[in-house]
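Q: Here it is, the structure in full.
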Amino acid sequence: MTVVGKRAARMSDRRAAIVEGSIPRTLVGLALPLVAQNVVRVAQQVIDTFWLGRLGETAVAAVGLTIPVLGVCFALLVTPFVGTQILVSQRVGADDDAGARRMVVHGFVLALLVGALVGGAVFLGAGPIVRLLGAGPDVAPLAALYLAVVALGLPLAGASDAVEAGFVGRGDSRASLWINVTTVAVNVVLDPFLIFGWWIFPGLGVRGAALATVGGYAAGLALALVLALGPRMTLARRHLSLTVADFRDLLSVGAPITGRQVVSQSVRVLLVGVVAIAGGAAGLAAYTIGARVASVAVLPSRGLGQAAQSMVGQNVGADRPDRARRTTRVGVAIGAGALAVLGAVQWLVPVPVARLFVPNLSGDGLALTVQYLTILAYGYPAIGAVDLLLAGFNGASRTRTSFVADLLKYWTVRLPVAALALPATASASLLGVTVAPGLDLGMPAVFWAVTGSNVVAAVGVAAYYAHAVRGGLFADAAADVGSTASEPADDEPAADATVDPTD
């Protein structure tokens, strides 16, 4: 048997693990590389800050100022990423390997187009954008320079993410991990050479940091294409045919997740305003540290959610609605359980956790941070449950549920409750948005708003999930996939849907 034939047969056997094998073992095996890649991304941010810190506070502040702008940019690139992952997983489950590969090509093309449009707009408007964010005369030029250069790399980042999503949808989370490791490694290695002018390179400062980031995007895309064109995915010329229907499906499934990202990002910006007014510098320090700790703590449930999304999608495509439901249920148990353990640790030792991020933290900043970390811990199991419940909806192409859930969570619970921290005169003028009458309750109102909204979201999404399952959520999704799946082309090789997560 040829190498390609052996890989095809091997992948076909491993695809069976997703639609027939042990759900807990397969789910965790798929999730581990995704959790690892998220850890790698967090490490990249820390290392970038370390090198930029050698240039001084102005450089760090300039790059930090661009974070919310780039967050919105990547939120717009979520559409091809999520759409590709979900639709590829469903087509793989339906044994429509040709359709799955064509969907990867569609996601790649859509990501290039969206990345070019968004990146071009940000490149042209970098100066006004940073001034709108309130950058001072010392920070604004550097922030605009960094933002403009990174914007030019957005098509590369989006295209790489779309191919990566194709691998995740197929169950090949190890390929996704290697793409991310390559992206981050090249960025981290290039940083000191381009920032400080090591070896033969000129010292470019902040521009060098931006170029290192773009270099990482390019390297990740190069590896993604090598893997996709090789036997791991075997993309070929016959998969390059583009159709309006496939682009429409991508937008239909992916756009609500972009809306979800925009909703959450916009409220986070407003919450920073609330915290600045209600808590001052100490409150901002506590809120920032809590957000960083939580972003690390939720990595297991986010990786597990991505894995469950692919597993649910494949089982929906394979017309196994009961197994899709069991995958969601098992995922909820594992995700909520894992975050409950992390929450218990955080609740028991909040001071060491806080000082792990800011060693010299003391006074009001430390007291508020300890209070926030303790309150946050109560909501961790709810975060794990919501991540996995929404993965079930997403895998069934019901991504609008995720958008509505976050819209209600952030705008009807979190922001109005947090605004109770404000004095009555301040809430009406918060960035021009009237959110709720302030009661001057201080920072505890903000802390409980975050945890309370997570718990309310978990209860609400769980209730709606139970209702949707009784109404045939997964059975209807399986019927929809069955009615749209295309027949495999005559020249397609044997099914090669997935790579064993333990490979």
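Q: Do we have any residue at all in the stretch 230-237 that's in a helix (DSSP H, G or I) and not basic (Lys, Arg)?
A: no
Q: Please enumerate the residues belonging to the stretch 310-335 that are in contact (Cβ under 8 Å) with a residue 40 or more places away in the chain, within 24 Å of TYR464 (Cα to Cα) and open to solvent by 20 Å² or more (accessible area, probe 1.4 Å).
A: Scanning the stretch 310-335 gives ASP319, ARG320, PRO321, ASP322, ARG325, ARG326, VAL330, VAL332, ILE334.
Q: Tell me the residue from ILE67, ILE47 that is aliphatic (A, V, I, L, M) and free of Cβ contacts under 8 Å to residues at least 40 places away in the same chain, please.
A: Answer to the check: ILE67.
Q: Another question, if that's okay. Please determine whether any residue of the stretch 161-172 is charged (D, E, K, R), within 20 Å of LEU240 (Cα to Cα) and open to solvent by 10 Å² or more (accessible area, probe 1.4 Å).
A: Within the stretch 161-172 (the criterion being charged (D, E, K, R), within 20 Å of LEU240 (Cα to Cα) and open to solvent by 10 Å² or more (accessible area, probe 1.4 Å)), the answer is yes, since at least one residue qualifies.
Q: Are any of the residues in the stretch 325-346 modelled with pLDDT under 90 and basic (Lys, Arg)?
A: For the stretch 325-346, residues modelled with pLDDT under 90 and basic (Lys, Arg): absent.
Q: Can you report the number of residues in the stretch 238-285 which are charged (D, E, K, R) and modelled with pLDDT under 85?
A: Selection size over the stretch 238-285: 1.
Table: residues versus (1) part of a helix (DSSP H, G or I); (2) closer than 26 Å to ALA354 by Cα; (3) at pLDDT 95 or above; (4) not aromatic (Phe, Trp, Tyr).
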| position | (1), (2), (3), (4) |
| --- | --- |
| ALA377 | yes, yes, yes, yes |
| PRO381 | yes, yes, yes, yes |
| GLY384 | yes, yes, yes, yes |
| LEU389 | yes, no, yes, yes |
| PHE393 | yes, no, yes, no |
| LYS409 | yes, no, yes, yes |
| THR412 | yes, no, no, yes |
| ALA419 | yes, yes, no, yes |
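Q: Please verify whether VAL267 is part of a helix (DSSP H, G or I), touching a Phe, Trp or Tyr at 6+ places or on another chain (Cβ under 7 Å) and among the aliphatic types (A, V, I, L, M), treating the condition exactly as stated.
A: Here the answer is yes, as VAL267 does meet what is asked.
Q: Let me ask something additional. Scan the stretch 341-356 for residues that are open to solvent by 40 Å² or more (accessible area, probe 1.4 Å) and part of a helix (DSSP H, G or I) and jot them down.
A: If the condition is that a residue be open to solvent by 40 Å² or more (accessible area, probe 1.4 Å) and part of a helix (DSSP H, G or I), then VAL341, LEU342, ALA344, VAL345, TRP347, LEU348, VAL351, PRO352, ARG355, LEU356 are the ones that fit.
Q: Output the residue which, of all residues in the stretch 217-233 that are open to solvent by less than 30 Å² (accessible area, probe 1.4 Å) and of a type outside the set (A, V, I, L, M), is nearest to the chain's Cα centre (by Cα).
A: My answer is GLY220.
Q: If a residue has to be under 25 Å from GLN37 (Cα atoms) and either in contact with a strand residue (DSSP E or B) (Cβ under 6 Å, 6 or more places away or on another chain) or without any contact (Cβ under 8 Å) to a residue 40 or more places away in the chain (or both) to count, how many in the stretch 184-207 make the cut?
A: 6
Q: Can you tell me which residue is most open to solvent (accessible area, probe 1.4 Å) among those in the stretch 50-64 that are in contact (Cβ under 8 Å) with a residue 24 or more places away in the chain and not hydrophobic (A, V, I, L, M, F, W, C)?
A: Per the criteria, the residue is ARG54.
Matching residues to (1) of a type in the set (A, V, I, L, M, F, W, C); (2) closer than 18 Å to ARG248 by Cα; (3) modelled with pLDDT of 90 or more; (4) in contact with a Lys or Arg (Cβ under 6 Å, 6 or more places away or on another chain):
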position	(1), (2), (3), (4)
ARG91	no, yes, yes, no
ASP95	no, no, no, no
PHE108	yes, yes, yes, no
GLY120	no, no, yes, no
GLY125	no, no, yes, no
ILE129	yes, no, no, no
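Q: Then there's this: Pairs under 8 Å by beta carbon, first residue touching a residue at least 40 places away in the same chain (Cβ under 8 Å) in the stretch 109-123, partner among the polar types (S, T, N, Q) and surrounded by 15 or more Cβ atoms within 10 Å (Cβ to Cβ), six or more apart or different chains?
A: Hits for this filter: LEU110/THR79; VAL114/THR79.
Q: Now for a different question. Out of all the residues in the stretch 198-216, which are small (Gly, Ala, Ser) and either modelled with pLDDT of 90 or more or within 30 Å of the chain's Cα centre (by Cα) (or both)?
A: Of everything in the stretch 198-216, those that are small (Gly, Ala, Ser) and either modelled with pLDDT of 90 or more or within 30 Å of the chain's Cα centre (by Cα) (or both) turn out to be GLY205, GLY208, ALA209, ALA210, ALA212, GLY215, GLY216.
Q: A follow-up question, please. Would you mind finding the one in GLY392, GLY379 that is in contact with a helix residue (DSSP H, G or I) (Cβ under 7 Å, 6 or more places away or on another chain), closer than 22 Å to THR288 by Cβ and open to solvent by less than 30 Å² (accessible area, probe 1.4 Å)?
A: Result of the check over GLY392, GLY379: GLY379.
The values are calculated or read from the model by the stated rules, or taken from the named source; none is laboratory data. Quick caveat, the model's predicted, so the values are computed rather than measured. We place every Cβ from the backbone using ideal geometry, glycine too, and count neighbours over all the protein chains shown. Quick note on the areas: whole protein, heavy atoms, side chains included, nothing else; ligands and nucleic acids left out. Shrake-Rupley method; radii C 1.70, N 1.55, O 1.52, S 1.80 Å.
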